[in-house]
Amino acid sequence: MAVELQYLYREIRPEYEVKLHTASCYDRKISWIHTVEGSELAQFLHGDELVFNSGLNYKSEEWLKEFLETMDRAGAGGVIIAVREGKEFPGEIIDWCNERKLPLFSASWKTPYIDIMRKFSEILLKNEQRETNLVTAMKNAIFYPENEELYMNHLERNGFPRDLSYTVIIMSCHAYDTERGNRLLEDIQRKLHFSMEKTIFYEEEGKLIILAAGCRGEWLRDQFRRLSGEDPNLYIGAGTTVGRMKDIHRSYENAYTAYQLTKTTIPRNFLAYDELGIYKILTDVKETAIYPDFVREVLGKLMEYDREHRTEYVKILKAYFENDCSTVCTAEALYCHKNTLTYKLNKIKEVLGYDILSNENRVRIMVAFYILQLETGDF
């Protein structure tokens with residue numbers, strides 16, 4: 001429910017004696033407000049709060065520097081300190097705040113903090129209600145796309161045009177789950193709020209669901225691919241970028257497919273649906289019960305032979321196809337002699353009872369191996 005600090009400042013500037021001393025508000029977004037009199041209370045901050053201080057303890061530059069450093073470490077979104085008449089913040093302090101991009105404000109001792117905090121609370125609560133309604137509209141667009149009255153008008157009124165581009169991203173990082181939530185996902189959500197203007201977020205069963213509007217698909221993929229590289233425990237699936245609000249559900253379904261494959265089939269922690277290749281076809285099949293029958297039809301005899309004779313012909317055949325059916329490259333990959341491999345390949349052809357190098361059979365074998373990798377059946 002974060003609100004831009006610049007907006008909050010504009011709301012109080014005409015009425016109250018509050019002055020911004022740093023170069024700007026640095027695009028900070030405020031999640032809540034908090035009164036903090038001493039550094040020891042910083043432990044109660046969750047991040048992105050606007051901190052109010054009465055200035056009663058501000059008796060030296062050393063205290064001010066230590067207080068601001070503590071607020072910065074705690075992730076405060078900005079600090080307002082009441083100062084005596086005629087007293088100014090030292091230039092070194094303001095320079096430090098600009099360097100840290102920590103917005104610093106002063107207020108007079110006559111400024112009624114309680115009135116300002118009440119006004120801010122009303123704005124933040126109203127924004128929270130807006131975001132709750134946006135999440136509801138987003139869920140309706142995903143799960144009830146045919147009922148356009150449940151989401152289209154509400155999203156449009158809040159700056160999400162029906163013909164804008166939309167992309168759904170799903171991510172999780174269960175390694176950091178705690179009883180109090182997932183701090184990493186919370187931090188990621190805050191950062192994305194700053195970098196992407198039109199976004200809606202909600203969490204569900206430990207997953208963060210993101211709707212990004214007005215962003216190019218290629219740019220989004222680059223951003224989230226870079227994010228996934230920062231932590232191997234972070235799993236991300238990106239859906240297709242669609243050009244209409246009514247197709248958001250399709251981007252969600254694609255994102256969920258890509259996300260699921262990161263957890264099971266493809267050993268990468270970021271996958272974009274548009275880059276899945278043949279897996280797009282395989283995962284879109286509604287009757288996946290046909291998979292076991294197809295694999296048994298293509299590879300069943302070889303799998304049965306391996307079980308009975310404790311051989312590894314299926315593994316050898318897979319390696320052979322992964323190396324573009326090159327005997328030399330496969331022999332090197334399996335650390336065996338070329339003649340030994342040739343003998344085993346002839347045995348595989350004999351057991352299967354068909355030519356493994358005809359165009360049709362090569363396709364059938366590769367699809368069977370892709371299905372096995374999907375782990376959708378008991379073979």
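Scanning region 8-53 for residues that are modelled with pLDDT under 95, part of a loop (DSSP other than H, G, I, E, B) and of a type in the set (Ser, Thr, Tyr) yields Tyr16, Ser24, Tyr26, Ser31.
Yes or no, residue by residue, for (1) in contact with a strand residue (DSSP E or B) (Cβ under 7 Å, 6 or more places away or on another chain); (2) free of Cβ contacts under 8 Å to residues at least 40 places away in the same chain; (3) in a helix (DSSP H, G or I):
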position	(1), (2), (3)
Lys301	no, no, yes
Thr311	no, yes, no
Cys325	no, yes, no
Asn339	no, yes, yes
Tyr343	no, yes, yes
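Restricting attention to region 43-57, the residues that are hydrophobic (A, V, I, L, M, F, W, C) and either more than 24 Å from Pro112 (Cα to Cα) or open to solvent by less than 30 Å² (accessible area, probe 1.4 Å) (or both) total 4. Just one of (1) over 15 Å from His21 (Cα atoms); (2) crowded, with 19+ Cβ neighbours inside 10 Å fails for Gly78. It is (1). Whether a residue is over 14 Å from Met171 (Cβ atoms) and either open to solvent by less than 20 Å² (accessible area, probe 1.4 Å) or in contact with a Ser or Thr (Cβ under 6 Å, 6 or more places away or on another chain) (or both) was assessed, and Thr199 does not pass this test. Across region 137-192, the number of residues qualifying as open to solvent by 70 Å² or more (accessible area, probe 1.4 Å) and β-branched (Val, Ile, Thr) comes to 1. Here Ser60 does not fit the description of being of a type in the set (S, T, N, Q), at pLDDT below 90 and open to solvent by 10 Å² or more (accessible area, probe 1.4 Å). Restricted to region 97-124, and to residues there that are in contact (Cβ under 8 Å) with a residue 40 or more places away in the chain and under 28 Å from the mean Cα position of the chain (by Cα), the residue that is farthest from Ala74 (Cα to Cα) is Ile123. Remark: Lys246 falls outside the filter, which requires a residue to be open to solvent by 10 Å² or more (accessible area, probe 1.4 Å), among the charged types (D, E, K, R) and either free of Cβ contacts under 8 Å to residues at least 40 places away in the same chain or closer than 22 Å to Glu360 by Cβ (or both). Based on what the data block shows, is Phe224 in contact (Cβ under 8 Å) with a residue 24 or more places away in the chain, hydrophobic (A, V, I, L, M, F, W, C) and open to solvent by 10 Å² or more (accessible area, probe 1.4 Å)? Criteria not met by Phe224.
Taking region 279-323 as the region of interest, how many residues are closer than 30 Å to Gly239 by Cα, surrounded by 15 or more Cβ atoms within 10 Å (Cβ to Cβ) and hydroxyl-bearing (Ser, Thr, Tyr)? Count: 3. When we screen Arg268, Arg296, Arg226, Arg307 for residues that are under 16 Å from Ile170 (Cα atoms) and in a helix (DSSP H, G or I), the only hit is Arg226.
For region 354-379, the tally of residues that are part of a helix (DSSP H, G or I) and either open to solvent by 60 Å² or more (accessible area, probe 1.4 Å) or at pLDDT 80 or above (or both) stands at 15. Only one of the numbered conditions (1) over 19 Å from Tyr26 (Cβ atoms); (2) assigned to a helix (DSSP H, G or I) is violated by Asp72, and that is (1).
The values are calculated or read from the model by the stated rules, or taken from the named source; none is laboratory data. Computed from a prediction, not measured in an experiment: that's the story for all the values here. Glycine also receives a Cβ, built like all others from the backbone with ideal geometry; neighbour counts cover every protein chain displayed. Accessible surface is based on the protein model in full, side chains and every heavy atom, while ligands, DNA and RNA are left aside. Shrake-Rupley method; radii C 1.70, N 1.55, O 1.52, S 1.80 Å.
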